[in-house]
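Asker: After the structure tokens below, expect a handful of questions from me.
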Amino acid sequence: MLTDRGRWILAFGGAVYLAAWAFGTTVLYPIGLGLVLAVAAAALWVRLLNRPMRVNRALGQGDHLAGDDIPVRLELDVGGRMPSGALTVVERIAKFGEVETVILSRHGRLRGSYILDAVPRGRYPIESAKAVLEDPFGLERVEIPLPAGESVLVYPRLVDLDALFSDSGARALEGRRLLLRRPTGFDLHSVRDYEQGESLRRVHWPTTARRGHLMVKELEDAPRDETAVLLDGDGGAVVGIAPDNTFELQVRAAGSILKAHAAKGRRAALIVNGASRAYQRVHSFDGDWLRALETLASVEPDAPMPVASLLADEAGPASRALELTVVTASLTPRLAERLAQRVFQRHAATLVYVDPASFSASGPVEPDAGVTGQILRLERAGVPVAILRRGDDLASVLGGDRLGAAVG
């Protein structure tokens, strides 16, 4: 199609030709005709070069971590010769907008490149792509759709942890150490009416209260995760501006803890309290771990409900895990109650609390007295607590060098 310049030149050439005819000025005929023919030649040139093409993208070597500069290299496969500089590839990348790359001919190949600077953690789909072919004077252009659908994936920066702050063992009331059980157990399958002589231990009290007569649990044997890391995606608790906010620190902490469990060969799982309720088991450093990393790269703080509500689901993966680590920036009394209740039921629980007060725009402020009280309550119940603040050394805090004593 004609560009704005091409339309202007064509209109001007036609006007000059008409003026020459109207006034009988023969000297203007060649000028008007030449301008019209130039537009026609440009259209013919573009149409001759217009042919199917395919783009190959290379995003540099290795994995890309938050804050990295990511080089993107493009190579176009075109059926036939193409003048250098005649093509421009325009890609629309989520959160980056349109990126234009001039394609040059180098050693017989059509190549171009650009750099995405200091990319934060996330998944950035290439929403659309096209090749723009123009004549040298910019009179005619044609847009050729190119395959899109790929994504630029940027992983969080995790740390290696030789030990965890909870490795010393969670201690229940009266100092008793909680012991791990085998990674199997009985899960609630259904409920039915109570039969005479059955143990009252099997009574399902919530259903009994609703129906007004005794109901017992039907249980089935099922494998359990040995340890689970629950990442809280409560968007209302996010303080700071990405990539320097509470949620980004939560993601790094959750990923580092999960990686430490996987490195020890433990049956671990990543659970995300978010809109999609992501759940990924990690039993190896092969496909499982890569899928968990992809989840961590693309997770957003979009949870529709508080994390304590997730723990209320007795059949959910968080409740079934033998050990549970909750990573959150919102410590409510209800969440503290759920974690303490796990310990009373002899299931290990730990908490990583990202302190929103340290991300205040006016600088660090004193922790909320209510939150401090909930942390002390958890520690008395035997729940290990690690507190992360802005600028903390992640390996030092999660590794146990600095624990709940940092409350004040």
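The values are calculated or read from the model by the stated rules, or taken from the named source; none is laboratory data. Source: prediction; values computed, not measured. Ideal geometry is used to build each Cβ from the backbone, glycine not excepted, and the neighbour counts take in all protein chains shown. These area figures cover heavy atoms from the full protein model, side chains too; ligands, DNA and RNA do not enter into them. Shrake-Rupley method; radii C 1.70, N 1.55, O 1.52, S 1.80 Å.
Asker: Work out Dmax and Rg for the chain from the C-alpha atoms and quote the Rg first, both in angstrom.
Answerer: In order Rg, Dmax, the Cα atoms of the chain give 31.6, 117 Å.
Asker: Take Glu98 and Phe23, extend 7 Å from each Cα along the Cα→Cβ direction, and tell me the distance between the two endpoints in nm.
Answerer: Distance between label points: 3.9 nm.
Asker: So, R0 is 51 Å and r is the distance between the beta-carbons of Arg123 and Leu214; what FRET efficiency does that work out to, to 0.05?
Answerer: Between Arg123 and Leu214 the formula returns 0.55.
Asker: Determine by what factor the alpha-carbon radius of gyration of region 278-408 differs from 2.2 N^0.38 Å, reporting the quotient.
Answerer: Dividing the Cα Rg of region 278-408 by 2.2 N^0.38 Å gives 1.11.
Asker: May I pose another question? Restricting the count to DSSP beta bridges whose residues both fall in the chain, what percent are antiparallel, rounded to a multiple of 5?
Answerer: Of the beta bridges lying entirely in the chain, close to 70 percent run antiparallel.
Asker: Still on this structure, I have one more. Can you work out the FRET efficiency for the pair Ala242 and Asp167, with r the C-beta to C-beta distance and R0 = 51 Å, to the nearest 0.05?
Answerer: So the FRET efficiency works out to roughly 0.95.
Asker: Say each of Met305 and Arg73 gets a label point 7 Å from the Cα, pointing the same way as Cα to Cβ; how far apart are those two points in nm?
Answerer: 4.9 nm
Asker: Still on this model: With equal scatterers on the alpha carbons only and no solvent term, can you work out the Debye log10 of I(q)/I(0) for region 226-329 at 0.11, 0.17, 0.20, 0.22 1/Å?
Answerer: Results for region 226-329 at q = 0.11, 0.17, 0.20, 0.22 Å⁻¹ read -0.29, -0.71, -0.97, -1.16.
Asker: While we're looking at this one, here's another question. For Leu116, enumerate residues with amide H under 5 Å from its amide H, sequence gap 5+ or separate chain, H modeled in the peptide plane.
Answerer: Distant-sequence amide H within range of Leu116: Ile70, Val72.
Asker: For Leu376, project a label point 7 Å along Cα to C-beta. Then give me every residue of region 317-352 with its amide nitrogen under 16 Å of that point.
Answerer: 333
Asker: So, one more: Compute the whole-percent fraction of alpha carbon pairs in region 1-57 spaced more than 13 Å apart.
Answerer: 64 percent
Asker: Okay, next question. Under the rule of -39500 (n - 2.57) per DSSP H run of 4 or more residues, summed and divided by the residues of the chain, what mean residue ellipticity at 222 nm is obtained, to the nearest 500 deg cm²/dmol?
Answerer: After summing the helix terms and dividing by the residues of the chain, the value is -9000 deg cm²/dmol.
Asker: Let me ask something else about it. Rounded to the nearest 0.05, what FRET efficiency do Glu143 and Lys264 give with R0 = 41 Å and r taken as the Cβ-Cβ distance? Could you check?
Answerer: About 0.15, to the nearest 0.05.
Asker: Using per-residue counts of other Cβ atoms within 10 Å, averaged over each peptide, order 129-142, 325-338, 375-388, 194-207 from highest down.
Answerer: Packing order, densest peptide first, comes out as 325-338, 375-388, 129-142, 194-207.
Asker: Per-residue accessible area for Asp302 at 1.4 Å probe radius, Å² rounded to 10?
Answerer: Surface accessible to solvent at Asp302 totals approximately 80 Å².
Asker: Below 8 Å between Cα atoms, with a sequence gap of 6+, how large is the relative contact order for region 237-346 in percent?
Answerer: 22 percent
Asker: In sequence order, what are the phi-derived ³J(HN,Hα) couplings for region 101-108 according to the Karplus relation 6.51 cos²θ - 1.76 cosθ + 1.60 with θ = phi - 60°, rounded to whole Hz, with x for glycine and proline?
Answerer: Once θ is set to phi - 60°, the couplings for region 101-108 become 10, 6, 9, 10, 8, 10, 6, x Hz.
Asker: Check the straight Cα-Cα distances from Lys130 and name the lysines below 23 Å, setting aside those fewer than 8 residues away within the same chain.
Answerer: The reachable lysines, counting only those whose Cα sits under 23 Å from Lys130, are Lys95.
Asker: Tell me the label-point distance for the pair Arg5, Ile31, using the 7 Å Cα-to-Cβ offset, in nm and rounded to one decimal.
Answerer: Here the answer is 2.0 nm between the modelled labels.
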